[in-house]
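Down below is the structure, laid out as structure tokens.
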Amino acid sequence: MTDANGGPNGRKPLSVYAVLDRKDGGKPYWMKVGAAFTNRDSSLTVVLDAFPASTNRLQIREQRFPEDVRPAGGNGAHRGEEEARP
């Protein structure tokens, strides 16, 4: 990888999400629809895998890798580990 696309300079890969409002008024659903890459001149190249027809709101965020995500309802410990209790 080069510095322009997330190499050793510390830039993280970016994800593109469509923010979809729920009909029942609940929390919006974020659907991953593509990726973005930082160019040498700090501009962005966006590649969409899907084009959402129901929203015009897109968010570009740093990717979250599975090991960085806590399981829903979990204690945040990785599998096979238990949280230390006092």
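Here are a few things to note about the model shown:
- Amide hydrogen neighbours beyond the local backbone of Gln63, cut-off 5 Å, H modeled: Leu14, Ser15
- Sequence-ordered 3J(HN,Hα) estimates for the range 41-58 from the Karplus curve with 6.51, -1.76 and 1.60 and θ = phi - 60° stand at 8, 6, 7, 10, 10, 10, 10, 9, 8, 9, 10, x, 8, 8, 8, 10, 9, 10 Hz, glycine and proline given as x.
- Counted by Cβ distance under 12 Å from Asp21, the other residues give a net charge of +3, where Lys and Arg count +1 and Asp and Glu count -1.
Each value in this text was obtained by applying a stated rule to the coordinates, not by laboratory testing. All of these numbers come straight from a predicted model, not from anything done at the bench. Because the Cβ atoms are built from the backbone with ideal geometry, glycine has one as well, and the counts that use them run over all protein chains shown.
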